[in-house]
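To start, the structure itself, in structure tokens.
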Amino acid sequence: MKKLASDFSHINGWGVDADPLDVPNYPMKHRTENDNKGMVWERPPQQPELVEILHSNERPSVSAVFGTPNPPSGLSGQLRRFAFKYSESEWTHWLSLLLADRINMIEGIRDDIKRGHFPDFFTELGGHSEWKYNKIGFAKKVLTGIAVTGLLVLLIKGRDDDDSENDSDD
Amino acid sequence: MNFRGPFRVRLDRDKPMPQIEHSGDAIVRVTRSCICGSDLHLYHGLVPDTRIGTTFGHEFIGVVEEIGDAVQNLKVGDNVIVPFNVACGKCVFCEQGLFGNCHESNPQATAVGGIFGYSHTAGGFDGGQAEYVRVPYADVGPTVIPADMDHDDAVLLTDVVPTGYQAAEMGGIKPGDTVVVFGAGPVGIMAAKSAWLFGAGRVIVIDHLEYRLEFVKNYAQCEAYNFRSLEDPVLFIKKTTDWMGADVCIDAVGCEAAGDALQTITGRKLLLQAGSATALHWAINSVKKGGIVSIVGVYGPTGNLIPIGNVVNKGITIRANQASVKRLLPRLIEHVQAGRLNPKGIITHRIPLEEVSDAYHIFSAKLDNCIKPVLIPPSARK
Ligand SMILES: NC(=O)c1ccc[n+]([C@@H]2O[C@H](COP(=O)([O-])OP(=O)(O)OC[C@H]3O[C@@H](n4cnc5c(N)ncnc54)[C@H](O)[C@@H]3O)[C@@H](O)[C@H]2O)c1
Ligand SMILES: [Zn+2]
Ligand SMILES: [Zn+2]
């Protein structure tokens, strides 16, 4: 150890935490008298449940504190309630939540528009920094965007033309 | 800030002021907050139950503005480091120093403790990428910033430094050991730096972003290699360790690893597994028989493809956790004060909170050689 330390004299603090017994922080299992007794601790006071809080079915009730923003609502909320019928061990639990997140995103856009605010996607996606630091990537994205829109327009127009042909057949 | 869906976050001036909701709460006025690699998992839409309207941010410091009736250890006006874990200090896990595994801070999941601004799967708390934040259990986690400490150092003690340090600690490094760190992000950089404190004999960092490799080589005085030019990083590590493998491998990448098409497609595109486990796969296969794999990279709750058979056959020990910030703070403050760790050296960007959308994009897309961005709210810029 001494010899090694001189090899590493260029590193400030080399080996200072090498001896776990020297370091009260070493993560050994620290047994306490409360081990193996279940949920016996003196619980902190309970935060009042003023909004709907979903809790994992792997615990008897909510924890003493929790976050209250964004309680479940709408269709995504229904799906979240459904998800919490399944344990954390079930794919159904997590995949339902992920699906709920995507639905929630659409609900978010709808709510924005309802409030008279059309989301500024360009800014939200960080478009300004993309333009500033990645002009080539930015240009590629814009060109792809134009190309895709162009194609879509052509396709839709093509279909319209078909439709009008059909119409004239009637 | 306000999350609107994958890759979309925005400034929100209409968020209500947080309130005291429990006698142990404090309200903290944020003076600095960072964006973390963990936030990218939320930002990319990979964490289930990330609700629209959530404010992210688990790495913040600030000034105590208001305290609940039961709070005794803090007073209004204190400058505090707020650990990213919400921990009660009373449950059997907190009692054992496992502050990252508290059982009284997250109703929505038992497998993870409460974390500020980290989705409802981690308790549904709003986070610190904001001007004000509600901090539950204010007597337990928050730690007054020592008068002589730079606040840029302090903000990194909320997560990145303890996480990197605990990654090395869990590696059980013995003097002279070869330690391989996967990932040269802020966490990997701190893990490499900390490995020396435990007496590592050789520290090797693997990533594919040249600018980060260049940085970590100097900052952590270690070796650094690009896995794109190595082709097979496992084979490289075997060869460079005299065909034995590394004593300790650290996964500081987590569920958005690059480098393996199958993992990327099944994990990050199709979501058939909880993200891509490329780095963990390499870690397991690069470690020596009987060696230790230490995981701090974050993975989702479902499951991942990893070579578990090799874990058995090689007799590998796996240690992993969310960092127990509160447990480590006293020692880490000593290290910073003694100059053994220089956290603020990794900050590359200071961005006004109002430009949060761009800050996320810059960090996520790794633009402008970004390593660690810090958001500064208007009140802290005066
Ligand atoms: N356990 C904890 O307490 C805790 C705390 C903080 C962060 N984390 C996790 O640690 C991880 C890293 O965080 P960060 O802030 O440094 O993130 P980051 O995104 O800045 O860094 C990740 C790095 O890994 C690199 N990488 C990608 N694929 C790789 C591979 N196959 N091999 C090697 N390197 C690869 C990337 O290029 C990037 O530089 C994240 O998963 C984060 O969620 C865990
Ligand atoms: Zn973090
Ligand atoms: Zn606890």
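Give me the base-10 log of I(q)/I(0) for segment B:15-59 at each q in 0.14, 0.22 Å⁻¹, Debye formula, one uniform scatterer per Cα, rounded to two decimals. The Cα Debye sum returns log10 ratios of -0.47, -0.96. Close amide-amide hydrogen proximity is noted between B:I61 and B:T31, B:R32, each under 5 Å apart and 5 or more residues distant or on a separate chain (H modeled in the peptide plane; Pro and chain starts excluded). Qualifying trypsin sites (Lys or Arg not before Pro) in segment B:3-58, where qualification requires a DSSP coil assignment and no more than 14 other C-beta atoms within 10 Å, comprise B:R13. Counting only alpha carbon atoms, the long axis of helix A:91-114 and the longest principal axis of chain A meet at about 50°. Roughly what angle does helix A:74-83 make with the longest principal axis of chain A, taking Cα atoms, 0 to 90 degrees, to the nearest 10? For A:74-83 against chain A, the angle is about 40 degrees.
If you take the beta carbon distance between B:T240 and B:Q337 as r and set R0 to 41 Å, what does 1/(1 + (r/R0)^6) give as a FRET efficiency, to the nearest 0.05? FRET efficiency, B:T240 to B:Q337: 0.70.
From the square roots a ≥ b ≥ c of the eigenvalues of the alpha-carbon gyration tensor of segment B:160-320, which class results: rounded (a/c under 1.5), prolate (a/b over b/c), or oblate? Rounded is the answer for segment B:160-320, as its axis ratio a/c remains below 1.5.
Counted without the sites themselves, the longest stretch of chain A free of GluC sites (Glu not before Pro) in a DSSP loop having at most 10 other beta carbon atoms within 10 Å is A:43-170. Other protein chain C-beta atoms within 10 Å of residue C-beta, averaged over A:3-11: 3.
What the phi angles of segment B:366-382 give under the Karplus curve with 6.51, -1.76 and 1.60, with θ = phi - 60°, is a coupling list of 6, 8, 6, 6, 6, 10, 9, x, 10, 9, 10, x, x, 5, 8, 9, 5 Hz, glycine and proline written as x. Within chain A, the proportion of Cα pairs with more than 24 Å between them is 73 percent. Less than 5 angstrom separates the built amide H of B:V86 from those of B:G114, B:I115, B:F116, all sequence-distant by 5 or more or on a different chain. Taking only Cα atoms, what is the 0 to 90° angle, nearest 10, from helix A:135-169's long axis to the longest principal axis of chain A? The answer is roughly 40 degrees. Which net charge results when you count Lys and Arg as +1 and Asp and Glu as -1 among the other residues whose beta-carbon is under 13 Å from that of B:S276? That works out to -1.
Estimated purely from DSSP H runs of n ≥ 4, each contributing -39500 (n - 2.57), the mean residue ellipticity at 222 nm for the protein assembly as shown is -10000 deg cm²/dmol once divided by its residues.
Remark on the protein assembly as shown: ratio of C-alpha radius of gyration to 2.2 N^0.38 Å is 1.00. With 20 Å as the limit on Cα-Cα distance, the pairs of B:K239/B:K289; B:K239/B:K314; A:K140/B:K366; B:K193/B:K366 that go past it are B:K193/B:K366.
Distant-in-sequence amide contacts of B:E256, defined by a placed amide H-H separation under 5 Å and a gap of 5 or more residues or a different chain, comprise B:S276. For chain B, a crude dipole built from +1 on the beta carbon of Lys and Arg and -1 on the beta carbon of Asp and Glu, taken about the Cα centre, is about 720 debye to the nearest 20. Computed from the C-alpha gyration tensor, the three semi-axes of the ellipsoid equivalent to segment B:252-330 are 22, 18, 10 Å, from longest to shortest. The residue list B:V336, B:F125, A:L97 was ranked by how far each Cα lies along the charge dipole of the protein assembly as shown toward its positive end, using unit charges on Cβ atoms, and B:V336 comes out on top. Accessible surface of A:V40, taken over heavy atoms with a 1.4 Å probe and every protein chain present, rounds to 80 Å². When the Cα positions of B:A224, B:N304, B:G164 are compared along the charge dipole of the protein assembly as shown, B:A224 comes out farthest toward the positive end, with charges on each C-beta of Lys, Arg, Asp and Glu. Secondary structure note: in the protein assembly as shown, about 45% of the DSSP beta bridges are antiparallel. The mean of 1/r over all pairs of different alpha-carbon atoms in segment A:121-164, once inverted, gives a Kirkwood hydrodynamic radius of 12.1 Å.
Seen from all directions on average, segment B:299-362 presents a Cα convex hull projection of 8.5 nm².
The values are calculated or read from the model by the stated rules, or taken from the named source; none is laboratory data. What you see is a predicted model, and the numbers here were worked out from it, not measured in a lab. Because the Cβ atoms are built from the backbone with ideal geometry, glycine has one as well, and the counts that use them run over all protein chains shown. Note: areas computed on protein heavy atoms with side chains; ligands, DNA, RNA excluded. Shrake-Rupley method; radii C 1.70, N 1.55, O 1.52, S 1.80 Å.
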